[in-house]
């Protein structure tokens, strides 16, 4: 069963890579969008320019105030289940 699913996915990927029919692609994309949870939709939502600028300003402010950790420390916290 699992192998059948993996095989089917590969077949679909191959088929999609050669598909030129825009109407079919749009329908498939709509199916993909409909299958996402609200959390996934929010995560994959394109970021607006003003949101990006605000996020960058906050990051720069955090950096200037020393409110940062090293990548190594981040990995340690993740392993302990204490991300922030």
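Taken residue by residue, the stretch 3-11 has at least one member that is within 20 Å of the chain's Cα centre (by Cα) and either surrounded by 10 or more Cβ atoms within 10 Å (Cβ to Cβ) or assigned to a loop (DSSP other than H, G, I, E, B) (or both).
When you look at residue 51, is it without any contact (Cβ under 8 Å) to a residue 60 or more places away in the chain and within 22 Å of the chain's Cα centre (by Cα), yes or no?
On the way: without any contact (Cβ under 8 Å) to a residue 60 or more places away in the chain: yes; within 22 Å of the chain's Cα centre (by Cα): yes.
For residue 51, the condition - without any contact (Cβ under 8 Å) to a residue 60 or more places away in the chain and within 22 Å of the chain's Cα centre (by Cα) - is met.
Against the condition assigned by TED's automatic domain parsing to the domain that holds residue 12 and surrounded by 10 or more Cβ atoms within 10 Å (Cβ to Cβ), how does residue 29 come out, does it pass? Taking the combined requirement at face value, the residue satisfies it.
Entry remark, the stretch 12-29: residues being outside any helix (DSSP H, G or I) and touching a helix residue (DSSP H, G or I) at 6+ places or on another chain (Cβ under 8 Å) number 1 in total.
The values are calculated or read from the model by the stated rules, or taken from the named source; none is laboratory data. What you see is a predicted model; the values in this text were computed from it and never measured. Note that each Cβ is placed from the backbone with ideal geometry, even for glycine, and that neighbours are counted across all protein chains shown.
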